[in-house]
Amino acid sequence: MKDLLNIDRICIVVTKNSNNYNSHDNILNSVVLIKHQLNLNRSVIFIISLFTLSTVIVISDNYPIQNGHAQSYPFMASTRGTFDPTSGSERQPVELPSALSILNVANNCPGELVVYVHGIWADEQEAQEQTDRVFQSLLEQDYNVPVIGFSWDSNTFFSKYNPEMSLHGWNIAKQIANENGPILGKFISDYKGECPDDKVRIVAHSLGSRVTLSAIQWLFEGSRDNNMTNMSETFHTVHLLGAAVNNYQISKNSEDCEFFNPYLPCSGIAIEAVVGQIYNLYNPEDNMLTSEYVLNPFCQYCYYIYLPSPYEFSEQHDAMGANPIKDFINTPSNFDEHLVSSSIIPDVDTNKDNQCDVEVNLKLIPGITQFDYYLCTITKYGDNHMGYMGYRNGLNTQIVYAPGAIEQVVIDWRNENN
């Protein structure tokens, strides 16, 4: 703890009410992420170390796993248990069931399938919640197609006190994301073998973008090695939401990615070969990807408090999901991008678990206060990294009242033939 406080880093606290599902603390901050119960006594406080990009979300008791809508429950394809989250090494091979068996539709191809890929530090229930939220956001936009969530071993190691251990966990998560790419790629390739005329659409959030780009690379290398020529739209569309990957990862210049660790080849050429259209939905206001200034609550006329970007602080480069990249990167010809800050509304609680998604304890920032003071950093459009998938309705948490960036996703799908 002393090491954290002796350096100018912002400590963040994650708090969870003991009545919530027992899940890992979800972290996505350059230092330590915080959440706490807004109207109940704080029961469990964990100080999470820095260098972790995560899905900042806790499943609350009012989230229905058995959902009463068209998709009766979140359909999931899970690789959990395949990789060791402490080392990234493979524990056991995995053979995913077919998409049609997951959907329980026998040989009836649905015509269109969405696969959602979550980011780091989402456990199995959190992955389900996010998958369902994407589906509900699609319904809110009158777009009713099946959604399968791709659930992977993102629960790598973290430490409450040791930032180096958390940095290690973040690096292992990137490695596991790389290794999950071929599994996702095979899952989609097998589905296209069963339903060759169906459109497969990928929606990936945060570090799930790395899983997706790894899958694209695996498909490309397999088609090239086997002289396959019919792979051009294995992924009909790909949408990257708040992508927590290097902004050069999508380049067509292989040398741009030579020194990335862990190494993943630049994706530009592979994207042109196996993807119909790919979109970067970027947001310069995303608190987890770009730095932020917040008003000092103890001095209205004083300086703002500077919160460094967790992604930039950890990775020492810009995130693809934070900025437009078309003008300075050699992007693939089938690449487009959209600014979505205005779709990320200043609702602090996306999944309606009565917790602000990200808060900072100002006591842990040198020179601010001697007392615990929890400040929610989500104050304006674009701030909330968890808003891309939509916002649950406080009166009925089985549905959403706003679709977040999924609104832009649906616009792109509907504009395909225009």
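A few points about this structure:
- As a calculated quantity, the FRET efficiency between MET165 and GLN300 at R0 = 41 Å, using C-beta atoms, amounts to about 0.60.
- Mean Cβ count within 10 Å, highest first, over the residues of peptides 303-314, 90-101, 283-294, 239-250: 239-250, 283-294, 303-314, 90-101
- Extension gain for GLU416-PHE313 works out to 33.3 nm (0.36 nm per residue, less the C-alpha to C-alpha distance).
- Straight-line cross-link reach from LYS192 at under 12 Å between alpha-carbon atoms covers these aspartates and glutamates, not counting any fewer than eight positions away in the same chain: GLU112, GLU233.
- Highest mean packing first, where packing is the average number of other Cβ atoms within 10 Å per residue, the peptides 369-378, 263-272 line up as 263-272, 369-378.
- VAL245 sits among other residues whose Cβ lies under 15 Å from its own Cβ, and their net charge, with Lys and Arg +1 and Asp and Glu -1, is -4.
- Exposure proxy shown here: for PHE75, PHE83, the number of other Cβ atoms within 10 Å sets the order, fewest to most, as PHE75, PHE83.
Every number in this text was worked out from the coordinates using simple rules, so none of it is lab data. Not measured: the values here are computed from a predicted model. Reconstructed Cβ throughout: ideal geometry from the backbone, glycine too, with neighbour counts over all protein chains shown.
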